[in-house]
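One structure below.
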Amino acid sequence: MEIVKKLLVFLLLLSASILGQPYAAQAQCDRSRPCNPTPGISFKVFDAVTKQEVQELCVGRRVRFVNTSSSTIPGQEDIVRYATGSTVLCCGADFPDTVSFYTPTAPGILIITQNKNPAGSTLSIISSRNIIVRNSAAPAFTLTACAPGSVEVTITDAGYDQYLVRVGNSAPVAAARNTPTTYPTGGANAVTVIGRYANGSLCEGSSTRTFTPLPPPQRPTLSSLSLQGSTAQLLFGNLQPEYQYRLQTADAAAPGGYRTLTTLSGTATSYSLSNAGPAGCFRLLQQDACQPSVTNTASVAVCAVSLTGTSQDGRNLLRWTSESGGNATLIRTNGTTTTRIPVPGGSTQYEDAAVICGTTYRYRVSLATPDFTSTSDEVAVVTSAGPAPAVPQLAATFNLRNQVELTATVAGAPAAGPVTYLRNGTELGTAGAGVFLDSLVSPSLPNELCYSVRQLDACGNRSANSPTVCPVRLEARKTDDNSNTIQLTWTALGTPDAASAVTYRVVTLSATNAVLSVRPVSTGLTYLDLQPPQEQQVVRYRIEATTGTTTSYSNVASVARPVAVFVPTAFTPNGDGLNDVLELKGRYLDNFRFTVVDRNGRQVFQATSRTQTWDGRIGTAPPVQGTYVWRFESTDQTGKRTVQNGTVTILR
């Protein structure tokens with residue numbers, strides 16, 4: 001039996017020698033010769049924790065090497081050692097003392113060499129295996145907080161074959177590298193990314209990161225848009241640092257009708273946009289950093305204001321257009337003086353008349369709403385003179401205070417002014433639009449009063465004088481001492497159109513200017529009033545002259561009739577019912593005092609009303625026959641004072 005064992009060892013050694021495999025005692029190892037592993041000699045690798053065979057190793061995860069070849073000599077156990085490195089090892093001195101556990105420390109290709117010594121032999125049988133060592137580092141990724149309730153995860157790691165993403169305590173879901181993906185947070189603020197290998201390796205790595213959820217989005221504000229040449233200056237409000245914003249301009253060809261010009265951070269307060277142009281509408285679009293975006297909140301659109309200015313006839317005309325509404329304010333600058341001019345709501349133009357010819361004015365217009373202000377670029381306008389203003393038309397009439405009222409019009413509208421009024425070729429004065437009064441009319445003036453007017457513009461251009469207009473001048477006189485008839489004579493109405501027919505009417509007025517009667521005049525410029533009002537001491541007249549649709553009135557002419565009083569020379573206060581009292585009779589006895597005195601100069605009677613009478617008594621004494629002196633004093637309606645004296649005799 002011993003002979004048989006020795007024969008088997010000899011054959012094994014002979015076989016190894018034939019195959020070129022060094023198989024010698026450790027002291028006889030030649031490191032300069034390559035090692036050729038012996039076929040049929042093998043081992044397996046198992047995870048130290050799970051006891052599961054693995055085909056790949058993982059950095060930091062312990063494994064065990066297990067011999068899977070049969071014993072060299074049946075019935076006897078071999079001595080097996082392992083070594084790891086980048087090459088196959090042959091020498092027995094290179095192997096640790098029967099160590100079969102190993103923990104990789106670096107990724108790459110690892111060569112595991114098995115050194116097997118048959119029992120009772122000093123020779124070695126070599127077997128090797130190449131195995132991949134995988135990294136178990138934490139996978140790299142980025143987090144971006146989206147609008148409340150979502151987070152964007154981007155895996156930037158390239159070490160693993162596959163990845164899983166878990167948000168909070170939710171179930172992991174597969175994810176691809178370099179692909180931003182948005183996940184619901186469910187209220188969590190932590191994300192874990194797990195990296196694994198595809199061939200069933202037990203090697204994996206994980207990393208957890210936290211994030212701060214975004215605050216609720218608020219609508220941004222584009223509060224101001226101001227043009228300065230080709231640059232638009234924009235001011236913002238209500239921006240949130242956690243979000244990003246897109247400055248957009250209206251563009252019908254762009255998706256959604258708006259085209260993005262630039263991206264702004266949530267800390268921006270202003271932006272200068274070059275080459276903005278004179279028109280266009282802008283808005284701010286709030287977005288989070290996720291793709292595709294979860295939040296899209298736009299500000300109110302603000303549109304630029306386009307302003308133009310021209311000058312004509314000493315006035316500057318400003319016109320503006322904008323797709324934005326709002327209340328307009330015109331800002332005018334002349335040198336260092338700036339004036340803000342409110343413009344009526346809804347207006348798109350303004351005529352500035354408060355200017356001086358030859359002066360340069362600079363204008364901007366600002367449209368304001370509760371949400372924003374949009375201001376145009378500045379335009380410069382030099383006030384220039386235009387052609388002479390149009391010749392105005394003039395209407396002239398007397399009012400009830402005998403003032404001449406002059407009204408100038410151009411094309412049916414009040415003359416803009418200033419206008420200069422002339423009487424009989426002599427300037428009366430200059431005024432703006434409205435009625436001009438000539439209060440200096442007096443009897444010393446010529447019987448005919450004729451007026452004209454001319455218009456001035458802001459640059460001093462003067463129109464021609466208008467055709468003259470001559471209002472009617474009326475004269476009234478009594479034909480006899482008692483004024484029972486009154487003669488009226490007047491001048492003809494002078495109009496620009498001498499061929500126009502004029503009709504006249506006589507208007508009789510009361511003392512309070514109430515119309516008492518209106519009587520047409522058939523021909524001529526005279527009228528004889530045969531029945532003037534008997535109850536009026538002062539009779540008042542005016543002439544109404546009408547041509548076409550224009551009516552003009554003359555001055556008010558008056559005739560004052562004299563106060564007349566009749567006092568009897570005697571009366572008989574004897575109680576017979578005939579001529580028993582002294583009473584006054586007469587005409588226009590409105591304001592008088594009648595006094596009777598006796599021969600001693602003592603006042604015995606006084607009356608201030610024609611209803612008061614004297615029965616001859618002095619106090620309670622009976623009438624005394626004799627002659628008495630009376631005095632009558634009166635003031636008529638024109639203020640004229642009349643005094644009369646006489647005697648009256650009491651007869652028995």
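Derivation of every value follows stated rules applied to the coordinates shown; laboratory data play no part. The structure displayed is predicted, hence computed values, not measured ones. Note: ideal-geometry Cβ built from the backbone for every residue, glycine included; neighbour counts use all protein chains shown.
For the range 219-293, rounded, prolate or oblate, judged on the Cα gyration tensor with a ≥ b ≥ c (square roots of eigenvalues), a/c < 1.5 rounded, else prolate if a/b > b/c? Taking the square roots of the gyration eigenvalues as a ≥ b ≥ c, the range 219-293 is oblate.
For the range 521-584, the list of GluC sites (Glu not before Pro) that fall in a loop by DSSP and count at most 10 other C-beta atoms within 10 angstrom reads 535. Residue by residue, the range 398-405 carries 3J(HN,Hα) couplings of 7, 9, 6, 9, 6, 9, 8, 9 Hz when phi is fed to the Karplus relation 6.51 cos²θ - 1.76 cosθ + 1.60 (θ = phi - 60°); x denotes Gly or Pro. The residue among 574, 606, 644 whose Cα reaches farthest toward the positive pole of the charge dipole of the range 564-650, with charges on the beta-carbon of Lys, Arg, Asp and Glu, is 644. Of 470, 58, the sequence from fewest to most neighbouring Cβ atoms within 10 angstrom is 470, 58. Backbone phi angles across the range 193-199, fed through the Karplus curve with coefficients 6.51, -1.76 and 1.60 (θ = phi - 60°), yield HN-Hα couplings of 10, 10, x, 9, 10, 7, 8 Hz in residue order; Gly and Pro are listed as x.
The stretch between residue 228 and residue 530 holds 100.5 nm of extra length on full extension. This uses 0.36 nm per residue minus the Cα-Cα distance.
Relative to the Cα centre, what is the charge dipole magnitude of the range 406-522, using +1 at the beta carbon of each Lys and Arg, -1 at the beta carbon of each Asp and Glu, and rounding to the nearest 20 debye?
On the way: 8 positive and 8 negative charges, 25 e Å.
Taking the Cα centre of the range 406-522 as origin, the dipole is about 120 debye.
Sparse packing (at most 12 other Cβ atoms within 10 Å of the Cβ) combined with a DSSP loop state is found for none of the trypsin sites (Lys or Arg not before Pro) in the range 237-283. For semi-axes √(5λ) of the Cα gyration tensor in Å, the value calculated from this model appears in (i) 48, 32, 23; (ii) 136, 32, 16; (iii) 37, 29, 25 under label (ii).
Averaging 1/r across all pairs of distinct Cα atoms in the range 494-600 and inverting the result yields a Kirkwood radius of 18.1 Å.
Distances between placed amide hydrogens fall under 5 Å for residue 204 paired with no residue 5 or more residues away or on another chain.
In the chain, taking the dipole from charged Cβ atoms about the Cα centre, the farthest positive-side position among 46, 435, 333 is held by 46. Please report how far the C-alpha centroid of the range 441-506 lies from that of the range 594-609, rounded to the nearest whole angstrom. Between the Cα centres of the range 441-506 and the range 594-609 lies a distance of 52 Å.
Report the local net charge at residue 617: Lys and Arg +1, Asp and Glu -1, summed over other residues whose C-beta lies under 13 Å from its C-beta. Every neighbour counted, the sum reads -3. Think of it as helices only: each DSSP H run of n ≥ 4 in the chain is worth -39500 (n - 2.57), and spread over all residues that comes to -1000 deg cm²/dmol at 222 nm. If you count Lys pairs in the chain whose Cα atoms are under 30 Å apart, skipping same-chain pairs closer than 8 places in sequence, the total is 8.
Between the amide H of residue 605 and those of 596, distances stay under 5 Å, these residues lying 5 or more places away or on another chain, with hydrogens modeled in the peptide plane. Peptides 135-141, 488-494, 499-505 ordered by packing proxy, namely the average of other Cβ atoms within 10 Å per residue, highest first: 488-494, 135-141, 499-505. Dipole magnitude for the range 519-652: computed about the Cα centre from +1 point charges on Lys and Arg Cβ and -1 point charges on Asp and Glu Cβ, it is near 300 debye. Ordered by the count of other Cβ atoms within 10 Å of each Cβ, fewest first, 173, 302 give 173, 302. Computed from backbone phi, the HN-Hα couplings of the range 173-188 come to 10, 5, 9, 9, 6, 6, 10, x, 9, 9, 10, x, 8, x, x, 7 Hz, rounded to whole numbers (Karplus: 6.51 cos²θ - 1.76 cosθ + 1.60, θ = phi - 60°; Gly and Pro given as x).
By the beta-carbon count within 10 Å of each Cβ, the least crowded to most crowded order of 194, 331, 109, 486, fewest first, is 109, 331, 194, 486. The trypsin sites (Lys or Arg not before Pro) found in the range 375-468 that occupy coil by DSSP, while having at most 13 further C-beta atoms within 10 Å, are 401.
May I ask for the net charge around residue 182, where only other residues with Cβ less than 11 Å from the Cβ of residue 182 are counted and Lys, Arg are +1 while Asp, Glu are -1? Local net charge: -2.
For residue 261, nonlocal amide neighbours, meaning residues 5 or more places apart or on other chains whose placed amide H falls under 5 Å from its own, are 247, 248, 249. Ranked by the mean number of other Cβ atoms within 10 Å of their residues, highest first, the peptides 624-635, 517-528, 344-355 come out as 624-635, 344-355, 517-528.
The angle between the Cα long axis of helix 2-18 and the longest principal axis of the Cα atoms of the chain comes to about 50 degrees, rounded to the nearest 10.
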